[in-house]
Amino acid sequence: MQKSDAVIYAFAVLLGICAGILDVTAHDVLVTALFVLVSTSVLGFIRPRRPWRWILVVAVFVPLLQLLAYLFLTWKPNRAQIWESGLGFVTGTAGCYCGALARLGIDELVRK
């Protein structure tokens, strides 16, 4: 792994933690799903090669932080909120592949 890749992975982990915190604090699936969509789009645009990795790095923190909030905080999600936390994987898939496709399209347009 190159040094620049380590910075991008650290940025992706930070975005994933922010998405998880947003899900726990806002209690709104749409806001979390849009945040994951935009985050993975940006990451897919920055690094379009193997865009599926951004789904795993970002979206896994939403259910993980819900689990941590359940174990260590007083917030207890209901069954629907637990299943909805997996929605980040769906929007993350759309986001990372759209970002990668946009990058490949721009690269093709500006190629001489």
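If you check Arg103 against the conditions, is it basic (Lys, Arg) and either outside any loop (DSSP other than H, G, I, E, B) or surrounded by 14 or more Cβ atoms within 10 Å (Cβ to Cβ) (or both)? In short, yes.
Selection of the range 66-112 for residues being over 27 Å from Trp52 (Cβ atoms) and among the β-branched types (Val, Ile, Thr) yields only Thr74.
Taking the criterion of being small (Gly, Ala, Ser), at pLDDT 90 or above and surrounded by fewer than 22 Cβ atoms within 10 Å (Cβ to Cβ), would at least one residue in the range 89-100 satisfy it? Taking every residue of the range 89-100 in turn, at least one turns out to be small (Gly, Ala, Ser), at pLDDT 90 or above and surrounded by fewer than 22 Cβ atoms within 10 Å (Cβ to Cβ).
Residues in the range 1-24 that are of a type outside the set (A, V, I, L, M), free of Cβ contacts under 8 Å to residues at least 24 places away in the same chain and either in contact with a Phe, Trp or Tyr (Cβ under 9 Å, 6 or more places away or on another chain) or not in a helix (DSSP H, G or I) (or both): Gln2, Cys18. Of the residues Arg103, Arg53, the single one that is over 11 Å from the mean Cα position of the chain (by Cα) and either at pLDDT below 90 or charged (D, E, K, R) (or both) is Arg103. Checked against the criterion of being surrounded by fewer than 14 Cβ atoms within 10 Å (Cβ to Cβ) and polar (S, T, N, Q), the range 36-48 has no qualifying residue.
Results for (1) of a type in the set (A, V, I, L, M, F, W, C); (2) part of a helix (DSSP H, G or I), shown as yes or no for each residue.
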site: Ser39; (1), (2): no, yes
site: Gly44; (1), (2): no, yes
site: Leu56; (1), (2): yes, yes
site: Thr74; (1), (2): no, no
site: Gly88; (1), (2): no, yes
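Taken over the range 2-24, the residue count meeting the criterion of being over 13 Å from Trp54 (Cα atoms) and either of a type outside the set (A, V, I, L, M) or touching a strand residue (DSSP E or B) at 6+ places or on another chain (Cβ under 8 Å) (or both) is 6.
The values are calculated or read from the model by the stated rules, or taken from the named source; none is laboratory data. From a predicted model like this one, the values you see are computed outputs, not experimental measurements. Cβ coordinates were reconstructed from backbone atoms using ideal geometry, including for glycine residues, and neighbour counts include every protein chain displayed.
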